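Please read the structure below before turning to the comments.
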Amino acid sequence: MKGSLATSSALHALVLTWALVSLGSPESFDVADVEALPVDIVSIEELTQIQQGDKKAELKEKAAPVPTKKETPVENAENAGDNDVDLKNLPTPEEKPRDIETAAAPEKAEKVVQTSDSKPAEEVKQEEPASEPSTEVAAVAEAKQEVKPDPKAEATPSEEKPTADPEAEALPDKIPLPEMKPKLETKKSETAEKPAEKKVETAKAETAKTPDRKKDEKKKQEKASSMNETEFNSDEISALLNKEKAAGGGAKRSKEQAALGGKKTTAGTKLTMSEMDALRGQIQNNWSIIPGMADAQDVRIKVTMQLDQNGDIIGEPEVTAEGGSEAARRALAGGARRAIMKSRPFKGLPPEKYDAWSEVVVNFDPSQMM
Amino acid sequence: MEQVGLDAAHSVTLWGLFMQAGFVVKLVMLGLIAASVWTWGIVVDKTVSYGKARRQLDSFEQVFWSGQSLEELYRTLSDRQTSGMSAIFVAAMREWKKSFERGARSPIGLQMRIDRAMDVTLSRESETLEARLGSLATIGSAAPFVGLFGTVVGIMTSFQAIAGSKQTSLAVVAPGIAEALLATAIGLLAAIPAVIAYNKFSADAGKLTARMEGFADEFSAILSRQIDEKLQPRAAAQ
């Protein structure tokens, strides 16, 4: 038995050694080495809030304005540009002198004379969209600046704006009134020199751009209107006209290389969700929804309104309702309109982001408010 | 023991698994390996001894039935170490000689004594043949359970360690379970040959015992005839 035990032990030792050596470590599962797919979460804002820059500039990480040449005359200028005064607007390209057909329709001119009272305001309004060279936002800002201080416009915006705006947008290139004036001039005083007129024209077209110019212009318009009331002297028009060339742009000097990307720091603002919710909440607080209204669940309300810088509504808010029954749509849209009118002026909107909330679109789901 | 399933670099080699195992599991594994060694020792021993016994039976039967004188055969075998049939033959012949030389009176008593002597030797021989087969049976039936016990204990400690480490990734769980399962594997490794060997050797032992029993019966018949032949003339002479 001893011998066989020894044999068995030897056998076991052999087998175990073999097992330890050859069965060592089982092969690990061959996990396919899949390369992790890098996923970046890119918000759509990067595209929607994109800024326009120098198209010819090479692509760079940081957006930088075109380098300026002059020394800085203004201490704390915020907007880059070659201007002497720091202005928010973009510099306007000089327009080429246009040929003006003197054989324009005379009726229009007459009409202008007849409606001279409401003319300046209308004129200003029609000019703005036509002459705006860059982004929408900038234009909206200008519009608001213009509307506020203008004493004459007070009465007009609610009546005239809805009608005047579509027309201006439809025909942006045809600016009837600025051209009209010189025509008037040429009609009545034929001694005036043509090139000078053209210059004046272009200057006028450009003046709509900046607030400073605007004020000048407004003064001038006031003068003009007062003159209209008394006596219209066409010879003095050229003297009244501001012959200074309009130029936008800030006074801050830029030395960086121009890059693709915007130069306006104000263009990329938008309301945060909490600010949007605050606005929405103000409307909801004043909105009494009749509970149990049939089909109210499916109605979706969309409110589009234009706000001035005090948070008040300009004109009428546009309320559109979708889904649900006709009755529910009408009832809810009416309720929304009342709620908006009741809750104006809106508070808590950051004034520095006025560009973003000058025109607000608010969506409501009444089923969530019951 | 606390390190089970905790260290990052787990070796999954057999040796690594064994070394990582807990104390109880190690003990179980070592016991099972010892059982396996014992089993195979018995297997080797029995294979050899049964082969030898079979050969001895063959050769003895050949000699026995060759017509050689029983006295002569007895004389050659009596001073040797005997086993199996030869042991039965020697025991029977010794009893015969003792009784006959002293002048046995009753043939029935002599027959009985010879049979007894042969039975005792036969049982002793079959006991020798079947020795340690019982431990094979025990290993065959108990080893899987012992291995299972090791596995259960190993998995238990492994899960305790996982609960302590507060993470459940498969990489943490796997080595502990693999190491615990090794105990069952070793248990089965010991048990399967033990069961097979037990079945085979008990059958072999049964066959050999049957052969020896057959020889004992035959030899008893021969001796009975001899007793009759030898005692008859004595009785007639008296």
Task: FRET efficiency estimate (nearest 0.05) - Cβ-Cβ, B:S123 to A:L11, R0 45 angstrom - done: 0.85
Open item on the list: Explain nothing, just the number: relative contact order of region B:24-237, from Cα pairs under 8 Å at least 6 residues apart, as a whole percent.
Closed with: 33
- [ ] Describe numerically, in nm with one decimal, the distance between label points set 7 Å from Cα along Cα→Cβ at B:E61 and at A:V21.
- [x] 4.5
Task: Tensor-based shape of region B:24-237 (alpha-carbon gyration tensor, a/c under 1.5 rounded, otherwise prolate or oblate) - done: prolate
TODO: Round to the nearest 0.05 the FRET efficiency obtained for B:T138 and A:K2 when R0 = 30 Å and r is the Cβ-Cβ distance.
DONE: 0.90
TODO: Once you have the Cα-Cα distance between B:A171 and B:E72, take 0.36 nm times their residue separation minus that, and quote the gain in nm to one decimal.
DONE: 27.9 nm
Open item on the list: Please check: in the Gaussian network model of chain B (C-alpha springs, under 10 Å), which one of B:Q81, B:Q111, B:Q20 has the largest mean-square fluctuation.
Closed with: B:Q81
- [ ] Quick one: check the C-alpha center-to-center distance for region B:38-55 versus region B:76-93, whole angstrom.
- [x] 21
- [ ] Just list whichever of B:K26/B:K207; B:K207/B:K230; A:K2/B:K207; A:K2/B:K200; B:K98/B:K200 have alpha carbons separated by over 30 Å in the model shown.
- [x] B:K26/B:K207; B:K207/B:K230; B:K98/B:K200
Task: Under 18 Å from the B:R54 label point (7 Å along Cα→beta-carbon), backbone N, region B:203-219 - done: B:203-215
Open item on the list: Suppose every Lys and Arg Cβ carries +1 and every Asp and Glu Cβ carries -1, with no other charges. What dipole size does region A:273-368 come out with about its Cα centre, to the nearest 20 debye?
Closed with: 340
TODO: Please give the FRET efficiency for B:N199 paired with A:D33, using the beta carbon to beta carbon distance and R0 = 51 Å, rounded to the nearest 0.05.
DONE: 0.50
Open item on the list: Considering only C-alpha atoms, what is the centroid distance from region A:333-351 to region B:109-168, in Å?
Closed with: 92
TODO: Compare B:T13, B:T157, B:T47 in a GNM of chain B, Cα atoms joined below 10 Å, and give the one with the largest fluctuation.
DONE: B:T13
- [ ] Once you've got the GNM for chain B with C-alpha springs shorter than 10 Å, pick whichever of B:R55, B:R75, B:R102 has the biggest mean-square fluctuation.
- [x] B:R102
Open item on the list: Please state the shape class of region A:273-368: rounded when a/c is under 1.5, otherwise prolate if a/b exceeds b/c and oblate if not, all from the C-alpha gyration tensor.
Closed with: prolate
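Read-outs throughout are calculated quantities, based only on the coordinates presented, and are distinct from any laboratory measurement. A quick note: this is a predicted structure, and the numbers were derived from the prediction, not measured. Ideal geometry is used to build each Cβ from the backbone, glycine not excepted, and the neighbour counts take in all protein chains shown.
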